[in-house]
Structures are given as C-alpha cells and as structure tokens.
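A.B. asks: Quick one: the structure is below, and I'll ask about it shortly.
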Amino acid sequence: MSKALKGKFVHGAHDLFFKTVHHRWLIYNASWEDPRIDRQLLELNENSKVVVLTSAGCNVLDYLIDGPAEINAIDVNPRQNALLNLKLALIKRGNHDDLFAMFGQGAHSDFRQVYADVKQYLAEEDRKFWDKKIVYFDLNSKKKSFYYYGSSGLLAWMITRYLSRNHQLKTELFSLFDADNLHDQKEIYERIEPLIWGRFISWLVRQPYALTLAGVPRPQIALINTQYPGGVGGYISDKLRHVFTEILANDNYFWHVYLTGSYSKKCCPNYLKLENFETIQKQVDRVKIHNNSVTGFLRQNPGKYSHFVLLDHQDWLAQHDPAGLEEEWQLILENSQPGSKVLMRSAAMEINFLPGFVKQALQFFPEQTNLLHTTDRVGTYGSLHFAEVL
Ligand SMILES: C[S@@+](CC[C@H](N)C(=O)[O-])C[C@H]1O[C@@H](n2cnc3c(N)ncnc32)[C@H](O)[C@@H]1O
C-alpha cells in the first residue's frame with residue numbers, strides 16, 4: 001500500500017471511530033471551557049437571549065446565575081442534552097445535598113431513589129438514556145464517580161489510574177489544589193512534571209484515538225500538529241505547565257474533577273455552590289434545550305439573539321464542512337443585531353477559517369481576549385475569540 005493511501009486509510013478509520021463515538025456515547029461529562037472568562041466578555045443581563053452549545057451543560061447553568069431572559073442550549077448529541085436535563089431535574093426537585101452528591105461528588109449512596117424522584121421532570125427520550133446509565137452515579141461501583149464515565153471520563157480514568165500507581169505523584173497532585181500561592185504550586189509542579197510525562201502518558205496523548213475519547217477531532221489534532229512546534233505532546237505539556245504554574249489551582253475545578261474524580265465544596269462549578277442554588281432554581285425555566293445543530297436551530301427558531309457562544313465546534317466544521325460553516329455564519333448574522341456578541345475558542349493559535357463576509361460583519365477584540373486567554377483555568381485551547389456584530 002502506498003504511503004498516501006495508507007495515510008488516507010488511517011485517517012478514514014480514525015474519522016469513523018470519531019463518528020461512532022460521537023453518535024453513540026456521552027462525550028463530555030463536564031464543560032471544558034472557563035465561564036469565569038466568558039462572564040467578563042458576555043456581560044449577560046435580563047435582556048439577553050443566548051444561543052450556546054450544550055456540551056455538559058455546566059456553563060449553561062453558570063450563565064443562568066446572571067439572569068438572562070432565555071438560554072437556548074443546543075446540541076446535536078442528544079446524550080449531552082439528556083445530561084443537562086438531568087441536572088435541571090435535580091435543581092427543580094430542590095434538594096441541594098442530592099444535587100451536590102450526584103454532580104459534585106459524582107456519586108450518591110441512594111442514586112436509584114434520587115433518580116426515581118426526578119424522573120417525572122424528564123422527557124421520554126432522556127428517561128430511556130438515564131434508565132440505562134444512572135448506574136454511572138453508583139457510589140459502590142469500581143469507578144465511584146460519574147466523572148469517570150462517558151468517553152472523556154474513560155480517558156481521565158485510564159490516565160488517573162496510571163498516575164496514581166505512583167504514591168508520591170498521587171499525593172503531590174492532590175496538594176497542588178491545596179496550595180494557596182503560585183510559588184508553592186510551581187515548586188510542586190516542577191517536582192511532579194517528570195513523573196507525569198513518563199513513557200506511557202507521552203505516548204497516550206499522541207494517539208488520535210485517545211484524543212477522540214476526549215472529544216478532540218482530527219481537524220483539531222491537525223491544527224495543533226501544523227501550528228505547534230512540539231506537536232500534540234509538546235502542546236499538552238506546555239499548556240499543563242502554564243495552567244499549574246501561572247494560574248492558582250485552588251479553584252481550578254476543571255482539573256480537580258478529572259484528577260480526583262470529584263469536585264469539592266470550595267472547588268466546583270458555580271451551579272453547584274449552595275449560594276447560587278436558589279437563583280438558579282427560580283430561573284430554571286429560562287433554559288430551553290434543543291436536540292439540533294446550530295444551523296437547524298436558527299432555521300427553526302428565527303429571532304434576534306444577543307449572544308452566541310460557539311465553543312470550539314467550528315474547528316471541526318472548517319475542515320469537514322466549509323459550506324456548512326458558511327451557512328451557519330449566514331444564519332448567525334441574520335439572527336443577530338448590531339451589538340450581538342459572539343464568543344468562540346479554537347485549538348489553533350490563530351483561526352484562518354472565517355469567511356470574508358463574517359470578518360466584515362464583526363469587530364473582534366484581540367487585545368482583551370489575548371490577555372484573558374492566559375488566565376483560562378482549562379488552559380488547553382490555542383486561542384479565544386470575542387466579537388460584536390457591527
Ligand atoms: C464543540 S464540543 C466541544 C466541547 C467544549 N469545548 C466544552 O466546553 O466542553 C461541544 C458540543 O458541541 C456539540 N456540537 C458540535 N457541533 C455542533 C453543531 N454544529 N451544532 C450543535 N452542536 C454541536 C457536540 O455534540 C458537543 O456536545
């Protein structure tokens with residue numbers, strides 16, 4: 001087989017694996033974008049009409065705290081929406097302790113009873129999903145946490161199992177989140193960095209199939225490999241070093257949950273904090289969930305939306321469906337008004353896929369976003385982009 005043909009075959013097999021995982025699995029069990037940054041850019045208020053991709057729904061609930069008029073949470077993967085619906089159902093039921101056990105600790109000693117109580121709030125198709133998967137929250141299971149299920153959870157489980165074989169590394173990893181200053185954090189990280197990057201992890205993070213489990217599609221891997229000097233391995237190790245040596249980790253709930261399997265009361269998403277529970281509960285009906293693509297949603301629900309939070313999904317569209325990308329932008333612009341805000345992230349350091357008519361219709365704020373990007377607790381994106389419609 002020629003090299004080119006072999007390359008095509010490998011890419012085709014990887015794309016098929018990606019499609020299979022995305023069509024059958026829950027991918028994201030926690031939102032992987034930092035809403036502390038989004039909040040500063042979006043400036044949501046009671047007039048805001050938001051369009052956002054659901055992912056795991058954590059950030060949808062975070063935005064709700066700011067009291068927007070409506071949030072449209074859209075996802076092509078109905079399992080992601082089922083996850084947000086389960087969170088909404090627990091919030092409607094009104095018991096914060098149970099919400100925190102399920103989504104803070106990732107497991108509940110009486111998960112079947114909690115599920116029986118909230119089922120009434122779920123639509124038929126969500127119930128079908130959770131009837132089979134509610135065991136993810138079983139405290140007595142081997143994994144002991146919902147956050148080690150779904151495809152991103154499976155990858156986190158493999159990595160943390162491997163890392164925790166080294167007792168010193170395990171203890172020091174936990175102490176990273178207890179440090180209350182960057183000096184201590186840097187010292188800890190410098191000690192553990194060589195232990196993290198042993199042969200297995202260095203090999204694993206370069207495997208496209210492993211990255212697929214984390215929801216990273218081939219176009220994003222290609223963007224990193226072509227734009228980043230050390231390729232995917234160098235990219236991840238540099239990003240991790242930045243996160244753990246330049247940004248305080250004691251409220252970095254993104255990494256806390258995957259490294260330990262749970263959040264803590266202090267280190268968790270805002271929607272799990274007791275002080276926000278009542279506010280979220282009162283406004284829970286402002287969230288509308290749509291099993292649809294962004295394009296499909298905007299076609300079926302035309303309107304003047306004030307905010308579009310696109311996450312990083314355009315990296316995929318740009319490579320696989322440039323016509324679909326143009327169509328989505330046409331609809332975004334048609335359904336916006338002057339001053340509407342657009343927020344997106346990318347694996348690339350710079351994005352070069354925006355159609356000309358989009359660049360003309362938007363004003364970007366690179367000085368603001370470049371600075372904010374360095375404070376991102378997730379830390380794995382190449383760039384952050386924020387624009388207003390002219
Ligand atoms: C783009 S992914 C990325 C994950 C993200 N960075 C996060 O915060 O977790 C987020 C979600 O977008 C969904 N998605 C991807 N393309 C979409 C589209 N065109 N329309 C609607 N949902 C889409 C995926 O199913 C996934 O659940």
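A.B. asks: Can you pull out the residues in region 236-254 that are in contact (Cβ under 8 Å) with a residue 12 or more places away in the chain and part of a helix (DSSP H, G or I)? Before the answer, list the steps.
C.D. replies: We begin by selecting, within region 236-254, every residue in contact (Cβ under 8 Å) with a residue 12 or more places away in the chain; these are 236-237, 239-254.
Residues satisfying the conditions are 236, 237, 239, 240, 241, 242, 243, 244, 245, 246, 253, 254.
A.B. asks: I'd like the full set of residues that are over 16 Å from residue 52 (Cα atoms) and aromatic (Phe, Trp, Tyr), limited to region 294-328.
C.D. replies: 316
A.B. asks: I would also like to ask the following. Of the residues in region 294-303, how many are crowded, with 18+ Cβ neighbours inside 10 Å and near the ligand (Cβ under 8 Å from one of its atoms)?
C.D. replies: So the count comes out to 3.
A.B. asks: At pLDDT 95 or above and surrounded by 22 or more Cβ atoms within 10 Å (Cβ to Cβ): which single residue out of 98, 34, 66 fits that description?
C.D. replies: Exactly one of 98, 34, 66 is at pLDDT 95 or above and surrounded by 22 or more Cβ atoms within 10 Å (Cβ to Cβ), namely 34.
A.B. asks: Now for a different question. I need every pair where a residue in region 286-299 that is without any contact (Cβ under 8 Å) to a residue 40 or more places away in the chain has its Cβ under 6 Å from the Cβ of a residue that is near the ligand (Cβ under 8 Å from one of its atoms), sequence separation at least 6 or different chains.
C.D. replies: 295/328
A.B. asks: Mind checking which pairs have a first residue in region 371-382 that is at negative phi and a second that is more than 12 Å from the ligand (Cβ to nearest atom) and among the acidic types (Asp, Glu), Cβ under 9 Å, 6 or more apart or different chains?
C.D. replies: 374/246; 375/246; 377/251; 382/350
A.B. asks: Can you work out which of the residues in region 298-320 that are assigned to a loop (DSSP other than H, G, I, E, B) and among the aliphatic types (A, V, I, L, M) is nearest to residue 72 (Cα to Cα)?
C.D. replies: Applying the first criterion (assigned to a loop (DSSP other than H, G, I, E, B)) to region 298-320 yields 301-306, 310-313.
Checking the rest, the ones that are also among the aliphatic types (A, V, I, L, M) come to 310-311.
On the way: 310: 12, 311: 14 Å.
Looking at the filtered set, the residue picked out is 310.
The values are calculated or read from the model by the stated rules, or taken from the named source; none is laboratory data. As the structure is a computational prediction, the values presented were derived from the model and not from experiment. Ideal geometry is used to build each Cβ from the backbone, glycine not excepted, and the neighbour counts take in all protein chains shown.
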